[in-house]
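Working notes for the structure below.
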Amino acid sequence: MAGAGRRLGALAIFAVLLFNFPLLAVAERAGRGFVPFYLFAAWGLVIVLVRAFGRRTGE
Amino acid sequence: MPWLILALSVGYLGLLFLVAAWGDRGGRRLIQSPWAYTLSLAVYCSGWTYYGSVGLAAQSGLAFLPIYLGPTLTALLFPFLLHKMLKIARTCGITSIADFIAARYGKDAGLAGLVTVVAVMGAIPYLSLQLKALSLAIETLDDGQGFRPLLDDDALLVTLALAGFAIVFGTRHIDATETHRGMVLAVAFESVVKLLAFLAVAAYAVWGIGGGVGAVFARAAAEGREGLLSMSGTGLSWLDWFLLTLLSSMAFLVLPRQFQVAVIENVDEGHLAHAAWAFPAYLLLINLLVLPVALVGLQAGVGAGDLILLQLPLKAGNLAVATIAYLGGLSAATAMIIVATIALATMLSNDLVIPVLLRSRRLRLQEMPDLRGLVLLVRRAGILALLLLSYLFYRLIGGGYALASIGLISFAAVAQFVPAILAALYWRDANRRGAFYGILFGTAVWLYTLIVPALAQSGWIGAGVVADGPFGIALLRPQALFGLEGLHPVSHALVWSLAFNGLLLTLCSLLGGQDALERLQAVLYVDVYERQGVVRPWRGDSPAGELHDLLVRFIGAGRAEGVMRLDARERGRRLLPDEPADAAFVQRVERKLGQAIGSASAHVVVASVVKGEVIGAAGLMEILDETSQVIGYSQRLEQKSRALEKASRELREANERLRQLDRLKDDFLATVSHELRTPLTSIRSFSEILIDAPDLDPAERERFLAVIVRESERLTRLIDDVLDLSKIESGRMDWRIEALDLNAVASDALAAVEGFLAERGIEAKADLPPKGAPVRADRDRLLQVLVNLLSNAAKFAPEGQGLIRLAVARTAEGFEVRVEDNGPGIPEKFREAVFDKFQQASDTLKDRPKGTGLGLTICRQIVGRFGGRVWIEDARQGGAALCFTLPAT
């Protein structure tokens, strides 16, 4: 359980970083119109990771 | 048109009733599906999401997203944070968020009341948002005609209709912890409807009107609206973006309606892991086309208001799609209103009104025989009052605000519960005073920083208060408190309100203490996984009958009887009416009452009946100490008992091994003695004859002397063998391992037994590898093995016609040595036994050959020491073949 907690905590921090500065700043510089694509792609990635995590810990 | 809208609305609400009724009666399988739970969580997506997100996107691009990214982040913590809340709610019979907080801080009625008031204050803007969304949708759909035939005010008509619906729908049961299966199923159904409706209308707008996402984005860029596709277009700073994400992540868990569906209505903890990914996926889907739809709205010239989703199909003249859009919006708003009003009405009755009424001596409620009707009446009145207050808010304040702005004001209000809840879950020393003052001052700051500017904007107070601060004090400006400027108004309010809230909670908890019940509940909350057992804070001697009567008044005779039966089953007998109720029974009654009227009210009611008292701090600590000591002692005993069991098992095994060894030793000694006695007896007998008969015939004398010599040799061999075996087994043998040619040792062995073989008329053949057989071994011991095997073969080979073959061959293991004879062979079943001490294959034969019975045992030990193995198989010429291997160097 402790190991699973650590992985989930790491995933939460990863997700917070994905949706905040500085990665959004990098996406912003990639060109106008890229930010919406980036945000939804990151969102999808987080969902896939949580799903995969749930499977590994025996959902 | 108004009648079409009315018919659609009534038809849709009727369908909801059918779904709920089906869910209440059956639908157990559906409700136990994780999808039902996940979809019920999507009650988060209300009219704000359905209409407001598009409106906000049309004005500020991606600024609508933090409201959904926040819950996505919270969902990651479902398996831990929400799981703990679920466990506590189950253990304590929690009925609402107010109950959850108050129960942790000593079941304090004052705190429960405060949380209820704040929740209601926070919910009113949110409910008004739904009323606004619905009435605007109706106005848009009927082109401003309104329901003139019924009422001159669309919003009021919507309010009254929804109040009636929520009352009939949500107050059918009194037990607030009972899962409302029908309601959950109806809400899940609504989540499907609003998602499908949104996607259908959005797809129509983007592809049917806008020509596809690419074309819409390209036009936006050409029209100079590309700012809406970037972070700079949101008008939010990075800090605002972060704070709004944080705010929505917190609000998601503590909004009364979210707490209701996520905690109270949960039927299976296992659903959390599913919802952790499926709920964010729902949010992603419902937001995917928000920005393109907003851009299409702007490009189509319908404006940047909240109703783009409805206006687009209307402008395109597609009434069918507009109807779908309206139904989706109706679905989103009604789901929120139903769940929110049920949750808030339960809080209002359990944590605010009923406790006050119960305390009133004038009303004499304590003497009323049946209070169920009163509880239901309070809840129904609560629903009506909530919706009417929301209507007033909409008319007086909210009319000038966008949907998203109103929603964020509500979020900031309920965020005031977060410090108290986190402390409840993880900080044992947090106390009631800290939670109370934290929430109180946090809410006051919320009022000052968000509601005061709203009142100013609506013209209820002077705008100067916001612009210059009260009495012209710039540091107290509501939207730039203490000089903090540049933040979004909601971010600004969040920062200051949570700062005051958290500070007061921490300070009061560090400086103040806890009463006994608080301490007890703190342990129960923080260590809920470790302490699933019941903690009993009551002691007293009130009769069980009085407590039973109390139950009857609040939950009815049938349910009270159920409680009595359950108690009787668990204690093995039914308590008599005049028998003193023990702590377990008092707590059972309190818990059951708590499910109907909340833990704080239940505590007050039970305290009024039980003639005993809640155990004081000293008494409680005494009991806890005793209990802790007993538990500790019991754990130590258990550990010791387990260690003793293990030691005992090991001793038994060791003893068994020793017994076996002892038996083997006895057998060995007996056998050795027997084997020694046989030649000794012969020697002694023949020696005595020689002494007693000096005139014995010389030939006879010589024969006797030969026997004596032969038996002496046998005795010597036996003693040598026993000593060898003893040395090998005890590890005292002096091994001189060196590189050898096995061929040479084999030839020496053949030479050593040559005389013996010739004497018995046995022919010996050697089959040795021409290139030699290099091995590493002790030469003398290897020679001993070969001589032993050859002698053994010679003993069994038929005298005069015997044939022995000694062969050395290269194998994968190294070298294999085979000593074959043409004797009777060794039966399969003895081939292992002959390697045991004093066991000979000839034990079954009539003529036992001469030998010590230790030869093969010694051979196996020696070969094993060299890294080889010994076995027996059939020889090619029909006798036995004794084989062994040695590793090659």
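The values are calculated or read from the model by the stated rules, or taken from the named source; none is laboratory data. In this text, all values refer to a predicted model and were calculated from it rather than measured experimentally. As a convention, Cβ positions derive from the backbone with ideal geometry for all residues, glycine included, and neighbour counts pool all protein chains shown. Please note that ligands, DNA and RNA were not included when accessible areas were found on the heavy atoms of the full protein model with its side chains. Shrake-Rupley method; radii C 1.70, N 1.55, O 1.52, S 1.80 Å.
Rounded to whole numbers, the Karplus 3J(HN,Hα) couplings from phi for the stretch B:381-395 are 5, x, 4, 4, 5, 4, 6, 5, 5, 5, 4, 4, 4, 4, 6 Hz, using 6.51 cos²θ - 1.76 cosθ + 1.60 with θ = phi - 60°, and x at Gly and Pro. The candidates B:718, B:658, B:637, B:6, arranged from most to least accessible area with a 1.4 Å probe in the full protein assembly, appear as B:658, B:637, B:6, B:718. Considering helices alone, the calculated mean residue ellipticity of the protein assembly as shown at 222 nm is -21500 deg cm²/dmol, with DSSP H runs of length four and up weighted by -39500 (n - 2.57) and normalised per residue. For the peptides B:760-766, B:133-139, B:883-889, the ranking by packing is B:133-139, B:883-889, B:760-766, with the highest mean count of neighbouring Cβ atoms within 10 Å listed first.
Counting, for every residue in B:59-65, the Cβ atoms of other protein chains within 10 Å of its Cβ and taking the mean gives 2. Within the stretch B:660-732, the trypsin sites (Lys or Arg not before Pro) that combine a DSSP coil assignment with at most 16 other C-beta atoms in a 10 angstrom radius are B:732. Calculated accessible area for the protein assembly as shown comes out at 43 Å² per residue, all protein chains present (probe 1.4 Å; ligands, DNA, RNA ignored).
Using only the Cα atoms of the stretch B:713-816, build the gyration tensor, take square roots of its eigenvalues as a ≥ b ≥ c, and label the shape rounded, prolate or oblate: rounded if a/c is under 1.5, else prolate if a/b is larger than b/c, else oblate. It comes out oblate by the Cα gyration axes.
Any idea what the dipole of the protein assembly as shown comes to, in debye rounded to 20, about its Cα centre with Lys/Arg Cβ at +1 and Asp/Glu Cβ at -1? Intermediate values should be presented prior to the final figure.
Numbers: 91 positive and 88 negative charges, 444 e Å.
For this selection, approximately 2140 debye.
Once the Cβ-Cβ distance between residue B:813 and residue B:687 is put in as r, and R0 is 45 Å, what FRET efficiency do you end up with, to the nearest 0.05? The value I calculate is 0.35. Across the stretch B:727-741, computed HN-Hα scalar couplings (Karplus, 6.51 cos²θ - 1.76 cosθ + 1.60, θ = phi - 60°) run 5, 5, 5, 8, x, 9, 5, 8, 8, 10, 6, 8, 6, 9, 9 Hz from first to last residue, x flagging Gly and Pro.
If you sort the three axes of the alpha carbon gyration tensor as a ≥ b ≥ c, you get a/c of 1.5 or more for the stretch B:209-270 and a/b no higher than b/c, which makes it oblate.
A simple rule links phi to the HN-Hα coupling: the Karplus curve 6.51 cos²θ - 1.76 cosθ + 1.60 with θ = phi - 60°, which for the stretch B:284-297 gives 4, 4, 6, 9, 4, 9, 4, 5, x, 5, 4, 5, 4, x Hz, with x for Gly and Pro. Subtracting the Cα-Cα distance of residue B:651 and residue B:695 from 0.36 nm times their residue separation leaves 9.3 nm of extension gain.
How many partner chain Cβ atoms sit within 10 Å of a residue's Cβ in peptide A:42-54, on average, as a whole number?
On the way: counts 2, 10, 4, 0, 8, 11, 2, 2, 12, 7, 1, 5, 9.
That works out to 6 on average.
Largest accessible area first, the listed residues B:590, B:754 line up as B:754, B:590 when surface is computed with a 1.4 Å probe on the assembled protein chains. For the peptide B:289-295, the mean number of other protein chain Cβ atoms found within 10 angstrom of a residue's Cβ is 1.
The length gained on full extension between residue B:661 and residue B:566, counted as 0.36 nm times the residue separation minus their Cα-Cα distance, comes to 28.2 nm.
Extending 7 Å from the Cα toward the beta-carbon at both residue A:48 and residue B:510 defines two label points whose distance is 4.6 nm. Relative contact order of chain B: 14 percent, from C-alpha pairs under 8 Å at least 6 residues apart in sequence. Just to confirm the number: angle between the C-alpha axis of helix B:617-692 and the first principal axis of chain B, 0 to 90 degrees, nearest 10? Taking Cα atoms only, the helix is inclined about 10 degrees.
Sort largest first and round to whole Å: the equivalent ellipsoid semi-axes of the stretch B:735-886, each the square root of five times a Cα gyration tensor eigenvalue. Walk me through the numbers before you get to the answer.
Values: eigenvalues 107, 62, 39 Å².
Working through the eigenvalues yields semi-axes of 23, 18, 14 Å.
Using Cα pairs under 8 angstrom and six or more residues apart, how large is the relative contact order of the stretch B:15-120, in percent?
Details: 27 pairs, mean separation 9.7, N = 106.
So the answer I get is 9 percent.
By accessible area, using a 1.4 Å probe on protein heavy atoms only, the stretch B:735-886 has 48% of its surface on carbon and sulfur.
Roughly how large is the A-B contact in terms of buried accessible area, totalled over both chains, probe 1.4 Å, nearest 100 Å²? Don't skip to the end; give the middle numbers.
Details: alone 4660 and 38620 Å², together 40620 Å².
That pair of chains buries around 2700 Å² in total.
The long axis of helix B:403-414 is offset from the longest Cα principal axis of chain B by roughly 60 degrees. Placing pseudo-labels 7 Å out from each Cα toward the beta carbon at residue B:523 and residue B:574 gives an inter-label distance of 3.5 nm. Between amide H atoms placed 1.01 Å from N, distances below 5 Å from residue B:461 occur with B:456, all of them 5 or more places distant or on a separate chain. Counting only alpha carbon atoms, the long axis of helix B:66-76 and the longest principal axis of chain B meet at about 30°. Restriction of the GluC sites (Glu not before Pro) in the stretch B:183-289 to DSSP coil positions whose beta-carbon has at most 14 other beta-carbons within 10 angstrom yields B:223, B:269.
How much of the accessible area of the stretch B:234-345, probe 1.4 Å, is carbon plus sulfur, in whole percent?
Ligands and nucleic acids excluded, carbon and sulfur reach 69 percent.
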